[in-house]
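Contents: one structure, followed by commentary.
The values are calculated or read from the model by the stated rules, or taken from the named source; none is laboratory data. Here the structure is a predicted model, which means the values were calculated and not measured. Cβ: placed from backbone, ideal geometry, glycine included. Neighbour counts: every protein chain shown.
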Amino acid sequence: MDKVEIYLPILIMVAVGALIATVLMGLSVLIGKRTRSKVKMQPYECGVDPVGDTKHPVPVKYYMVAILFIIFDIEVVFLYPWAVIYDSLGMFGFLEMLVFVAILITGYFYILGKGALKWD
Amino acid sequence: MIGAEHFLIVSAILFAVGVTGALISRNLIMIFMAVEIMLNAANLAFIAFARIHGDMSGHVIVFLTLTVAAAEAAVGLGLIMTLYRRRGSVDASKFNIMKW
Amino acid sequence: MNLSGANIDFTLLLPEISLAICGFAILLLGVTKRGKDFGFGLGLFGLIAALAFTVQQWGTLETGFFGMVTKDGFSSLYNIIFLLAGIISLLIAQTYLRAKKIDKPEYYALVLFSILGMMVMASSYDLIIIFIGLEIMSIPLYVLAGFHRFNPKSNEAGIKYFIIGAFASGFLLYGIALVYGAGATTDLRLIAANYHSMAQQAPLLLYAGVALILIGFGFKVGAVPFHMWAPDVYQGAPTPVTAFFSVGPKAAGFAALMRILDFGFDSMDEIQSVLWILAVLTMAVGNILALFQDNIKRMLAYSSIAHAGYILVALTVGGEGAVASGLYYLLGYTFFNLGAFAILTILDTRDGTDSRFSELTGMASRHPFLATLLAIFMFSLAGFPPTAGFFGKLYIFSGAVEGGFIWLAIIGVMTSFVSVYYYLRVVVACFFTKADHPFQQVAMNPYLALALIITAVGALGLGLFPSSWIDLSRQAFASFL
C-alpha cells in the first residue's frame, strides 16, 4: 500500500536513533575502564546511605486516591465527544451534561464528606 | 495488509487468555486482571466489527463499557483491599471458610 | 443532530429517576452529622414513589430515547417485582443491621441503585442497555455481599461474588460483541426482524454470541453448571442481603433472558435443546444438593437454584402461556422466598446464630405465630396447594406437557417431590423436634411485622386467585410482542 511510504522517515529516524544508542553504549562497554569496589556496587539513593528494605508496604491512602482517580478520570471520557458536537446538540445536550456532571459532583461531595481525601 | 479480521483474531486470543488466566490463577489480583483482559477483548471486537460494518455505534459502546469496567475495577480493588487488610493475603485458595 | 425522532420523554423514566434522586440524597445526607438516620426512611420513600410511578405506567406501551428505553406491561410487571423485593428486604434490613452494628446509610443507597439497574435491565430492547443495567445492578450487589466488613464470611462472599460476577459480565459482553458483529446492531427488535439473513451470513458469530450471552446470564440467575458461587455467597452475605439476592438479581436476569430469547432470538430453534439441558440440570442438582445442607441459608441457596430451574422450564417451552406462567411463578416466588428469608433474618438478629437447622428446635412453643408462618412459606416453596408455589408449578409443568416437553415435566415434578423432604425438615425442626436447650427469644417490631404480613398475604393471595394473576401475567407478556 502507498501509505506506508509516509511512515518511511519515521522508520529511518527510529533506525538511526537505535544505531546511535547501540554504538555509544557498545563503545563505552568495550573501551571503558571498570572499577568494582564495595561502595560502588551499593544501590544509589541520592547520595545518602541506603536505609531499610525497598519493599515498603504503601499506605492505604495511596490506593484510595488511585481508585478514586480511576473513576473520575474515566468519566471525563464522555465530555470529549460531547464537546466535539456541542454546537449541534444545543441546549438539550448542555442540560444533559449538567445532569451528568451533577451526578459526578454528588459522588465527589460524598467522598469529601467521608474524608477519603484527607491525607493525615 | 492488516485488516479488521486480524483485530478479531487478536481479540479472540485475548479473550481466551483472559478466560484461562481467570480459571487457573490463584492470585485475586491476577484473576481480576484476567477478567479485565476479557472485557478489553470485547472492546477490541466491538471496534473491529464497527470498522467492518462502517457503523458508529460500536465505537460508542466501547466508551460505555470502558466506564463500566472502571467502576467495576474500583469496587473490586476496594473489596480486595479490605480482604487483604483483614487476612494479609490475596491467595484465592485460602478463602474457604465456607464449604459444602 | 436531529433529536426530533428520539422521543425524549422523561416521564417514562420517572420510577428510575425517583430511585436515583433518593439514592443520592441518602449518600449526601449520610455524610452529615444529623442525616445518618434518614437512610431507611428516604430509601423506603424512594421505593414507594417508584412503585407508584410504575403502577401508573401500567398499560402504556412506549419507547423513547432513540428506542433505548421501552416501557411495556412486561417491564412494568418486572419493575413491580423488583420494587416489592426491595421494599420487603429494606423492611427487614434495619433491625438486622442495627443488631449487627453495621447500620450505615450506604446500605439503603446501594439497594436503591441496584434496583435502578434491574429496572433498566427490564426496560430495554437494546443489548448494551441491558448490559449497563446489569452492571448498575451488580456493582452495588458486590458491595452489599461484603457489607459486614468485620465478618470474614461476608468478606469472602463479597469477593467471590465480585470475581464470578465480573467473569460472567466478560462472557456476556463478548457475546454481545459477536452478535453485534453478526448484524451490526444491538437492538433486539432489529435482530428479530433480520434474524434469517443474519443466520445465513454469519451463523458462527451468531451462535457463538448467543452461547456466550447464555453463559453470562446463566451465572447471574444461578443455573447449573454456573451455580457454584451461589451457596457461598448466600451463606456469607448478611441475611437481608441474601434475601434480596435470592429474588432481585434472579428476576432481573430472567427479565433480560425472556426478552433476549423469547423475542430477539425467537427464531433460533437450537436454543430450546440447550435450555432443556440447563433446566433439567438446574432442577436436579439444586434439589439434590439441598438435601445435604446443615445451614438453612445454604439450603435456601440450593433451593433458589432449583426454583431458577422451574422458571427455565417455562423459558424452554416458550410462547405466551409458558412465559406468563413463569412470570406468575416468579411473582409468587418473590413473596414466599422473601417471607422465608424474613423469618430467617429475624432469627439471625440474635447474637451467636449461624442459621443452622438445630437452632430452630423449640421455635414452635416459643413463637407459635412465627413458626406457623415459616411453615406456610416452606409449604409454598415445596408447592403444596393452595399456595402460590403449587399453582405456579402446576401452570409451568402443564404448559410443558402441552408444549410437548413431557419428559421435562416429569423430571420437574420428580425433583420437586425430592424438594419436599428438605422443606419439611425445617417444619419438623420447628414443631416436632425436642429442644435440649430453651429457644432464645426474638424481638419483633412493626417493620418486621409489616414485611411478614406483605409476604404472607402475597403468597396466599396469589394462591387463592391464581387465574386472575395468570391473566395479568399473560397481559404483561402479550404487550411486549
If we keep just the residues of region C:3-28 that are at the interface with chain A (Cβ under 9 Å from one of its Cβ atoms) and not in a helix (DSSP H, G or I), which is modelled with the lowest pLDDT? C:L3
Residues that are without any contact (Cβ under 8 Å) to a residue 40 or more places away in the chain, within 11 Å of chain C (Cβ to nearest Cβ) and touching an Asp or Glu at 6+ places or on another chain (Cβ under 6 Å): list the helices (runs of 4 or more DSSP H) wholly contained in chain B that include at least 1 such residues. B:57-87
Can you say whether C:A459 is buried (at least 18 other Cβ atoms within 10 Å of the Cβ) and either under 20 Å from the mean Cα position of the chain (by Cα) or in a helix (DSSP H, G or I) (or both), as far as the supplied structure shows? yes
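Conditions tested, residue by residue: (1) in a loop (DSSP other than H, G, I, E, B); (2) within 12 Å of another protein chain (Cβ to nearest Cβ).
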site: C:I215; (1), (2): no, yes
site: C:A230; (1), (2): no, yes
site: C:A255; (1), (2): no, no
site: C:D262; (1), (2): no, no
site: C:D266; (1), (2): yes, no
What number of residues in region C:147-188 are in a loop (DSSP other than H, G, I, E, B), at the interface with chain B (Cβ under 7 Å from one of its Cβ atoms) and without any contact (Cβ under 8 Å) to a residue 40 or more places away in the chain? 1
Looking at region C:177-193, is at least one residue under 21 Å from C:M299 (Cβ atoms) and at pLDDT 90 or above? no
Just to be sure before I move on: is C:A223 crowded, with 24+ Cβ neighbours inside 10 Å and modelled with pLDDT of 90 or more in the structure I sent? yes
Pair list, Cβ under 9 Å, 6 or more apart: region C:390-412 residue not assigned by TED's automatic domain parsing to the domain that holds C:A284, other residue modelled with pLDDT of 90 or more: none
Quick one: is C:L61 at pLDDT 90 or above, in the same structural domain as C:H148 (by TED's automatic domain parsing) and not aromatic (F, W, Y)? no
Out of all the residues in region A:53-100, which are hydroxyl-bearing (S, T, Y), facing another protein chain (nearest Cβ under 7 Å) and more than 30 Å from C:I8 (Cβ to Cβ)? A:Y63
Residue check, C:V31 modelled with pLDDT of 95 or more and either within 14 Å of chain A (Cβ to nearest Cβ) or within 19 Å of C:K250 (Cα to Cα) (or both): no
Within region C:262-294, can you find the residues that are under 14 Å from C:A230 (Cβ atoms) and over 21 Å from the mean Cα position of the chain (by Cα)? C:Q293
Residue pairs, Cβ under 7 Å, 6 or more apart or interchain, first in region C:35-64 and in contact (Cβ under 8 Å) with a residue 24 or more places away in the chain and on the phi > 0 side of the Ramachandran plot, second buried (at least 18 other Cβ atoms within 10 Å of the Cβ) and among the aliphatic types (A, V, I, L, M). List them. none
